[in-house]
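Asker: What follows is a single structure, and I will ask about it in a moment.
The values are calculated or read from the model by the stated rules, or taken from the named source; none is laboratory data. If you're wondering where the values come from, they're calculated on a predicted model, not measured in any experiment. Cβ coordinates were reconstructed from backbone atoms using ideal geometry, including for glycine residues, and neighbour counts include every protein chain displayed.
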Amino acid sequence: MKSVVVTGSSTGIGWGCTKVLIGKGFRVFGSLRKQADADRLTKEFGKNFTPLLFDVTDTAAVKRGADQVAVALGNDTLSGLVNNAGIAVAGPLLYLDVDEFRNQLEVNLTGQLIVTQAFAPLLGADPSRHGDKGRIVNITSVGGRNANPFMGPYNASKFGFEGLSESLRRELMIFGIDVIVVAPGAVATPIWDKADQIDTTRYDNTPYAASMATIKKFMLDLGRKGYPPEKIGETVWRALTLKNPKVHYTVSPNGLQDFVTGSLPKRIVDNIIAGRLGLKPQD
């Protein structure tokens, strides 16, 4: 039985990946931060799910998780690592608490490197392991190529993760380990309920108050109409199993919009967004 590690498996995309992969016959080691989530998913997914309790920013805890997987694998290689865990920080960059920005990068970017370093030997960077070399699937975002106002911290982390993934793919060729990016668009996950709880009143006395209210409503509506997380899980499964996978998969219910936004000259896109959000200079 092939084994895969999925980070951030408690809800959303990580949960969708776990569900699909187990359904396809994989054994999944899923990282979570809470014992209650570990108990819930163990009951939900059964014997082919093993919880790993760690926060991706905790190097020692991640190492303990990797050691746990190593014992379970024996001398075999790990078939896949799905770097999914992440958070979304929102707010206008001029007024954002810099510690929030640091935390965004720590979780969404530095944490991915911590996890990759810990599990790479199991994927085949350690030549003493037997079996086919594993693959890494990094979950970025359509927001890793096109950025929206007030999502600067999140966009910065995902743009960075795209770059990290490309460097990593080329570096890991020496070990025969492939790195594939899956970039979701809107996905119907609990992250949107969390977004609805974000307190934006601290920005009420800034020029961005009305614009933030507009984009918050737009993002909530977009997310709740998004793909089910299993849709992303299906793409991850293909990335892990196809003989010749692409290096980058975009999975978005708004594919045409994403294409147009990414193809038009940036100044035109700037003006369209500014007009919709009331960000043009006042006469």
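Asker: Quick check, is Gly8 under 24 Å from Asp178 (Cβ atoms) and without any contact (Cβ under 8 Å) to a residue 24 or more places away in the chain?
Answerer: When the stated conditions are applied, Gly8 does not pass them.
Asker: Going through the range 265-281 one residue at a time, which ones are surrounded by 14 or more Cβ atoms within 10 Å (Cβ to Cβ) and among the hydrophobic types (A, V, I, L, M, F, W, C)?
Answerer: Listed by number, the residues that qualify are Val269, Ile273, Ala274, Leu277, Leu279.
Asker: Filtering the range 33-85 down to residues that are small (Gly, Ala, Ser) and without any contact (Cβ under 8 Å) to a residue 40 or more places away in the chain, which residue is surrounded by the most Cβ atoms within 10 Å (Cβ to Cβ)?
Answerer: So the residue we want is Ala38.
Asker: Next question, about the same structure. Restricting attention to the range 262-283, which residues are of a type outside the set (Gly, Ala, Ser) and either touching a strand residue (DSSP E or B) at 6+ places or on another chain (Cβ under 7 Å) or outside any helix (DSSP H, G or I) (or both)?
Answerer: Within the range 262-283, Leu264, Pro265, Leu279, Lys280, Pro281, Gln282, Asp283 meet the criteria.
Asker: Restricting attention to the range 210-269, which residues are of a type in the set (Asp, Glu) and either in contact (Cβ under 8 Å) with a residue 12 or more places away in the chain or under 30 Å from Gly25 (Cα atoms) (or both)?
Answerer: Once the filter is applied, which keeps residues that are of a type in the set (Asp, Glu) and either in contact (Cβ under 8 Å) with a residue 12 or more places away in the chain or under 30 Å from Gly25 (Cα atoms) (or both), the range 210-269 yields Glu230, Glu234, Asp258.
Asker: Please indicate, with yes or no, whether at least one residue in the range 90-107 is within 22 Å of Tyr249 (Cβ to Cβ), among the polar types (S, T, N, Q), under 14 Å from the mean Cα position of the chain (by Cα) and surrounded by 15 or more Cβ atoms within 10 Å (Cβ to Cβ).
Answerer: no
Asker: Select from the range 147-178 the residues that are of a type in the set (A, V, I, L, M, F, W, C) and over 14 Å from the mean Cα position of the chain (by Cα) and list them in ascending order.
Answerer: Selection gives Ala147, Phe150, Met151, Leu168, Leu172, Met173, Ile174, Phe175, Ile177.
Asker: What are the residues in the range 124-183 that are in contact with a His (Cβ under 8 Å, 6 or more places away or on another chain) and more than 18 Å from Val5 (Cβ to Cβ), if any?
Answerer: Selection gives Ala183 alone.
Asker: Please go through the range 213-255 and give me each residue that is assigned to a loop (DSSP other than H, G, I, E, B) and either crowded, with 19+ Cβ neighbours inside 10 Å or at pLDDT below 95 (or both), ordered by number.
Answerer: Those that are assigned to a loop (DSSP other than H, G, I, E, B) and either crowded, with 19+ Cβ neighbours inside 10 Å or at pLDDT below 95 (or both): Lys225, Gly226, Pro228, Ser252, Pro253, Asn254.
Asker: So, of the residues in the range 16-32 that are touching a residue at least 60 places away in the same chain (Cβ under 8 Å) and β-branched (Val, Ile, Thr), which turns out to be surrounded by the fewest Cβ atoms within 10 Å (Cβ to Cβ)?
Answerer: Only one residue tops the list, namely Val20.
Asker: Among the residues of the range 164-203 satisfying the criterion of being of a type in the set (Gly, Ala, Ser), touching a helix residue (DSSP H, G or I) at 6+ places or on another chain (Cβ under 9 Å) and assigned to a helix (DSSP H, G or I), which is modelled with the highest pLDDT?
Answerer: The selected residue is Ser165.
Asker: Whether any residue in the range 116-126 is small (Gly, Ala, Ser) and either under 24 Å from Glu100 (Cβ atoms) or in a loop (DSSP other than H, G, I, E, B) (or both) is what I want to check.
Answerer: no
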